[in-house]
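What follows is calculated from the coordinates using simple rules that are stated; it is not laboratory data. No experiment lies behind these values; they were computed from the predicted model shown. Note: ideal-geometry Cβ built from the backbone for every residue, glycine included; neighbour counts use all protein chains shown.
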Amino acid sequence: MKKTALFTPFFAVITGIGMLLILSSCTGSAQAATVEQTEIIEVESPLVLSLTASVAIPEYMYFAGERTTFDRFDRRERLDRELNSFTYFHSTTMLLFKRANRIFPIIEPIMREHGLPDDFKYLAVIESSLDPFAISPARAVGLWQFLEATGREHGLEINAYVDERYCIRRSTVAAARYLRRLHDMFGSWTTASLAFNGGMGRIRTALNEQRTNEPLDLWLVAETTRYYYRMLAMKLVFENPQRYGFMMQAAHLHTPIEFTEVRVTQTIPDLVEFAIQNGITFAQLRYFNPWLRARRLPVPAGRSYTILIPTRESMYMRPENIPAHNPNWVVR
């Protein structure tokens, strides 16, 4: 019914123009002798050739098991801003689905293992656009955008040769532990997510100074205020992409990559040579192991590292054989 209501005026205009042209052609012969009496109808071309509809906002939704309602104007307008933005930022949002097909299968089991609600995978989407190489202006790094001090605090090794903030698996473990710690501190996943972005000290101070226990009522910097609503919007789009106009086939998504894990216990003096010996290029080694930050890898006594070597079969998978991580993402 909505589609009919939207398109009927457009077709009515086209039909009207067609009828006028037909009538003009039928009476053309009678007026041919008197050119002065001929009336020329000029039709102005439309400036916009596609329809843009504002996205409906739900009455409420759940994130990490916690309910947020949108009956109050400010919450409704904040979600409205983010949901419409993701809906019509087509190329960027489409790329997020493509990347998620490769990244989500890696991070979801880790999150479950550490007792983190599944919805927090959307935090990674918002933090880094699922780009393990992402670097913010504040020098936050990786999929979960850890600052150097916070990364070290949660067990990540960071030096000239190794930076585990870039490691998808290790950084996800650190993020899960950090979010669990924040939840234990505040008793709320909503507050924990705001503290992950804004810092636990800043959120705790804001709750005390503004005398509220409701994190979404806090006056915070714009980035942190928008943060939670961006996650909500991303969840809505990912759970029902066709509703928001994203029509994809599995072949359009990024290929999930399978790996052979190589455990390294001794220093590798030349990672280029190491890559060649394992049947891949140095560029491929660095792409799938972004935590490697130099041309060599010193391994201290008693320490070991796991390097991922992509299998040839998954690297050369044919598009028609690419599996969709979530069947709801694709149309058949």
The residues Ile309, Ile126, Ile135, Ile107, sorted from fewest to most surrounding Cβ atoms within 10 Å, come out as Ile135, Ile309, Ile126, Ile107
Residue exposure sequence - Val262, Val48, Val141 - by fewest surrounding Cβ within 10 Å: Val48, Val262, Val141
Inter-label distance for Lys98 and Glu77, nm, one decimal - labels placed 7 Å from Cα along Cα-to-Cβ: 3.6 nm
How big is the Rg/Rh ratio for the stretch 117-166, C-alpha atoms only, Rh by Kirkwood, two decimals? 0.98
Please work out the ratio of the alpha-carbon Rg of the stretch 259-316 to 2.2 N^0.38 Å and round it to two decimals. 1.08
So which chymotrypsin sites (Phe, Trp or Tyr not before Pro) in the stretch 119-154 pass both tests, a DSSP loop state and at most 14 other Cβ atoms within 10 Å of the Cβ? Phe133
Compute the separation of the alpha-carbon centres of the stretch 234-285 and the stretch 116-188 and state it in Å as a whole number. 18 Å
By count of other Cβ within 10 Å, fewest leading, how are Met247, Met200, Met231 ordered? Met247, Met200, Met231
Dividing the alpha-carbon Rg of the stretch 60-247 by 2.2 N^0.38 Å yields what? 1.01
Report the Rg/Rh value for the stretch 172-240, based on alpha-carbon coordinates and the Kirkwood definition of Rh. 0.99
Translational D (Stokes-Einstein, µm²/s) of the chain at 37 °C and 0.692 mPa s when Rh comes from the Kirkwood sum over C-alpha pairs? 138 µm²/s
Between Arg152 and Thr212, how many nm apart are label points set 7 Å from Cα along the C-beta direction? 3.6 nm
In debye, nearest 20, what is the charge dipole magnitude of the chain about its Cα centre with +1 on Lys and Arg Cβ and -1 on Asp and Glu Cβ, if you could check? 1080 debye
